[in-house]
Amino acid sequence: MNRIKQLRKEKGISQVKLAEVLGVHQTAISQWETGRTNPDLDTAKKLAAYFNVTLDYLLAGEEFRNPALPTSEATQEERAGMLPAVRRRYPLLGEIACGEPIFADEDRDSYVDVIADIEADFCLRAKGDSMINARICDGDLVFIKQVPMVENGDIAAVIIGGEATLKRVYYYPERNKLVLAPENSRYEPFVYIGTELDEVRILGKAIAFQSTVR
């Protein structure tokens, strides 16, 4: 069913992610999208709800894409065309330095509940002001997607000798050189060359942050 593929692409998620949401195998998603099989009715209803479309639109391509909401049951936000808020829970691993590296306490008994659908594995609380030009301030929550390496220019949580810092990452493999750059002209970048790289590990990519009103 190309309709599922279209909606998945519009939402920007992979077959693997959609399979996780529905509790099915990725192969099922692939077969639906190529028309080899169709989802059962219960799964089709889940798909329609997830993509916020009518069941008729999903299965038959009817004209009206979004489901109508009865006035008596709709919230004020829904009647205004706003999507309902999604609340998710993320492990809070401690603080991460926006300045000199500090220890990141991996206390997995602490969590934060956030009204957002962020594809992150955990979050850290920023400490310091070295990333203020990236709008990350002291006390902000920074959401991290755990990856072994990032693209040049990405902001990442980096472990240096067991301590953590948040910086823009620039890696030059031909020179065996790593630069961790701040977003504040008051601070100098950290530069690691040769065997010094053995002390450095990418913890994950910063994909979002949450600030409080200041």
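Here, each number is a calculation from the coordinates, and none is a lab measurement. These figures come from a predicted structure and were not determined experimentally. Cβ atoms come from the backbone with ideal geometry, glycine included; neighbour counts cover every protein chain shown.
In the stretch 1-55, which trypsin sites (Lys or Arg not before Pro) fall in coil by DSSP and have 13 or fewer other Cβ atoms within 10 Å? Kindly include the intermediate steps, with their values, before the conclusion.
Numbers: sites: Arg3, Lys5, Arg8, Lys9, Lys11, Lys17, Arg36, Lys45, Lys46; in loops: Arg36.
Within the stretch 1-55, the qualifying trypsin sites (Lys or Arg not before Pro) (loop, at most 13 other Cβ atoms within 10 Å) are Arg36.
What lysines could a cross-link reach from Lys167, if we take a straight Cα to Cα line under 20 Å and drop same-chain neighbours fewer than 8 places away?
Lys127, Lys145, Lys177, Lys205
Mind ordering 165-172, 194-201 by average Cβ neighbours within 10 Å, highest first?
Taking the mean over residues of other Cβ atoms within 10 Å, the ranking is 165-172, 194-201.
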